[in-house]
C-alpha cells in the first residue's frame with residue numbers, strides 16, 4: 001500500500017496535470033506547501049517506484065501505475081465528502097480537510113461499502129465527478145460562468161472547492177448546485193457579472209464567477 005505522503009504527491013501531480021502544461025517540481029512544491037528540496041527527493045523516489053516519469057528541468061508525468069493510485073485516492077476523497085454531507089450534517093465548505101484525512105485510512109472493502117451506502121454517486125457535493133472503481137472519470141461538460149453570454153439561462157453544476165470562503169459566501173447568497181440563474185450583464189472593466197436568481201439580482205466578482213461552472 002502506498003504511504004500517505006506518496007498518495008498526496010501523486011494526487012497533487014494529477015491535479016496539476018489536469019490544469020494543463022508541464023508539472024514542474026517548483027509548481028508541485030507550491031501546491032503541496034513544502035520545500036523544493038523535499039519535492040526533489042520525493043520525485044526521485046516516485047520515479048524509482050515507476051509511479052512517475054521524471055526528467056530534470058522537464059517536469060514530471062504520472063505513469064499508468066501512478067495514475068491508478070491517484071484516481072483511487074481522488075475517488076475515496078470524494079466519496080467521503082459526500083458521506084460527510086449526507087450522513088453527518090457537514091456543510092460543503094467543511095468537508096475537504098476531513099476527507100483528506102479519511103481518504104488515507106480507507107480499505108478496499110470500506111470503499112465498496114461506502115459507495116454502496118451512498119447509492120453509487122456520480123459526483124461529490126461540489127459537483128466534481130467521482131472516479132469509478134476502475135479509475136474512469138466522466139468528462140465535465142460544464143462551462144465557467146464568465147464564458148456564458150448575456151441573456152443566457154444556466155444551472156450551476158460545479159463549484160471549485162479551492163477556497164472554503166468562496167463556498168461560504170455562495171451559501172450566504174443562496175447559491176448552490178442546481179441553482180438556476182440568468183446572466184443579466186457582464187461588466188467588462190472588472191470582469192464582474194450580474195445574475196438573476198428568481199426575482200433577485202446578484203453581483204458576482206470576477207474571482208467568484210470563475211469558481212462557478214454551469215450547464
Counted residues, segment 57-82 - those being touching a helix residue (DSSP H, G or I) at 6+ places or on another chain (Cβ under 9 Å) and in a helix (DSSP H, G or I): 16
Scope segment 111-152; condition within 14 Å of residue 75 (Cα to Cα), surrounded by 17 or more Cβ atoms within 10 Å (Cβ to Cβ) and touching a residue at least 60 places away in the same chain (Cβ under 8 Å); matching residues: 127, 131
Of residues in segment 83-105 being in contact with a helix residue (DSSP H, G or I) (Cβ under 6 Å, 6 or more places away or on another chain) and outside any helix (DSSP H, G or I), the one nearest to residue 123 (Cα to Cα): 92
Filter pass, residue 53 being farther than 22 Å from residue 132 by Cβ, loosely packed, with under 13 Cβ neighbours inside 10 Å, over 21 Å from the mean Cα position of the chain (by Cα) and modelled with pLDDT under 95: no
Output for segment 61-95, where each listed residue is surrounded by fewer than 20 Cβ atoms within 10 Å (Cβ to Cβ) and over 14 Å from residue 9 (Cα atoms): 64, 85, 86, 87, 88, 89, 90, 91, 93, 94
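The values are calculated or read from the model by the stated rules, or taken from the named source; none is laboratory data. Quick caveat, the model's predicted, so the values are computed rather than measured. Note that each Cβ is placed from the backbone with ideal geometry, even for glycine, and that neighbours are counted across all protein chains shown.
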